[in-house]
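Here is the structure we will look at.
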Amino acid sequence: MKKSYLLFVLLALASCEKDIHIDYHEIEPMLVVEGGITDGGCDVRLSSTMEMAYPDGASPVKGARVVITSLDDGHSSPLVYRKYGHYQSSFKGEPGKTYRLDIWNGDQHFTAQSTMPHPPVISSFHFQWQEMVGMRIVMADLRFLDTPDEENYYYMNVYRNDESYRWTVIRDILNPGGEIQQVLGCMSEKSAEENKPEDHDNILYDGDKITVELASIDRVTYDYLYALQLSGRSSSNPVSNISGGCLGCFWAAGVARYECVYQTSEVKP
């Protein structure tokens, strides 16, 4: 069993639509592409870095043509614009198949492709107390089964009341078929007791709805998301897997989900 720790990783939202807030470094105006296809459908968000008046430093892009195609059987699905820059379709992905994204925005054409891994299997999830650097910390503890006979990369996102709360990426190529443990730091006991307004985004309250999404992703997507984790300490933007000259990443991901309700009394000692 492998264990890794990532304390206090914050994922801010552009809206209640569960968007990743990416602090891109200053560049010339460019298209930003975020999203892809899962077994639940397609969701691709398009935005531009040029409109800094928006809270997340990017403005939604409307009027683009967005299509996802299965390279295995040739089936294509156009994505329909909804809101906040999201283009969506009910077209569902299948493990082992490769999908291509095509975007036409004005006279520009962008394209990318990704192969969907098999979804992981979640064994268990719970919260537990842990003593660290003289403080008691609530930790989120996820355990899941590694997919055998594949190079495995995962994206874990914990939502609180349908808003992103903590996330990380996981690489496991040395434990084929075994159980993986991933632990995320959530909040300190002191911050929960003091309950200061500036800490409300970090504090878990009794009755909060917790949703865990664990996605199997390819190596390119892992490298992109890992670079996002390091972006606060780097002067460069994550490398995109989309050709045509834009930022962002397109992925095909197999997703497993787990839901529970947070109760302080149920946090394991």
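The values are calculated or read from the model by the stated rules, or taken from the named source; none is laboratory data. Keep in mind that what you see is a predicted model, and the values were worked out from it rather than measured. Every residue, glycine as well, gets a Cβ built from its backbone with ideal geometry; the counts of neighbours run over all protein chains shown. Heavy atoms of the whole protein, side chains included, go into the accessibility calculation; ligands, DNA and RNA do not. Shrake-Rupley method; radii C 1.70, N 1.55, O 1.52, S 1.80 Å.
Here are the numbers for this structure:
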{"read-out": "Residue count for region 216-243, restricted to those that are open to solvent by 50 Å² or more (accessible area, probe 1.4 Å) and at pLDDT 90 or above", "value": "5"}
{"read-out": "Residue tally, condition modelled with pLDDT of 95 or more and over 15 Å from the mean Cα position of the chain (by Cα), over region 244-257", "value": "0"}
{"read-out": "Test result for Val32, among the β-branched types (Val, Ile, Thr) and either at pLDDT 95 or above or touching a Lys or Arg at 6+ places or on another chain (Cβ under 6 Å) (or both)", "value": "no"}
{"read-out": "Selection status of Ala215, over 26 Å from Met132 (Cα atoms) and either among the hydrophobic types (A, V, I, L, M, F, W, C) or free of Cβ contacts under 8 Å to residues at least 12 places away in the same chain (or both)", "value": "yes"}
{"read-out": "Selected residue (criterion: nearest to Tyr226 (Cα to Cα)) from residues of region 134-167 that are within 17 Å of the chain's Cα centre (by Cα) and among the acidic types (Asp, Glu)", "value": "Glu163"}
{"read-out": "Contacts under 9 angstrom Cβ, first residue in region 74-95 being on the phi > 0 side of the Ramachandran plot and open to solvent by 60 Å² or more (accessible area, probe 1.4 Å), partner part of a loop (DSSP other than H, G, I, E, B) and of a type in the set (Asp, Glu), 6 or more apart", "value": "Tyr84/Glu17; Tyr84/Asp19"}
{"read-out": "Unmet requirement for Ile203, which otherwise passes all of (1) among the aliphatic types (A, V, I, L, M); (2) open to solvent by 30 Å² or more (accessible area, probe 1.4 Å); (3) assigned to a loop (DSSP other than H, G, I, E, B)", "value": "(2)"}
{"read-out": "Residue count, region 59-73 (criterion: of a type in the set (A, V, I, L, M), in contact (Cβ under 8 Å) with a residue 40 or more places away in the chain and under 13 Å from Leu46 (Cβ atoms))", "value": "2"}
{"read-out": "Within region 113-151, considering residues that are part of a loop (DSSP other than H, G, I, E, B) and surrounded by fewer than 12 Cβ atoms within 10 Å (Cβ to Cβ), the one modelled with the lowest pLDDT", "value": "Asp149"}
{"read-out": "Residue that is touching a residue at least 60 places away in the same chain (Cβ under 8 Å) and aliphatic (A, V, I, L, M), where the choices are Val239, Val220, Val261", "value": "Val220"}
{"read-out": "Of residues in region 171-200 being among the aliphatic types (A, V, I, L, M) and open to solvent by less than 50 Å² (accessible area, probe 1.4 Å), the one nearest to Thr147 (Cα to Cα)", "value": "Ile180"}
{"read-out": "Leading residue by the ranking (nearest to Lys209 (Cα to Cα)) among those in region 161-187 that are touching a Cys at 6+ places or on another chain (Cβ under 9 Å) and part of a strand (DSSP E or B)", "value": "Glu163"}
{"read-out": "Residue that is surrounded by the most Cβ atoms within 10 Å (Cβ to Cβ), among those in region 256-267 that are of a type in the set (A, V, I, L, M) and either in contact with a Gly (Cβ under 7 Å, 6 or more places away or on another chain) or more than 21 Å from Tyr99 (Cβ to Cβ) (or both)", "value": "Val267"}
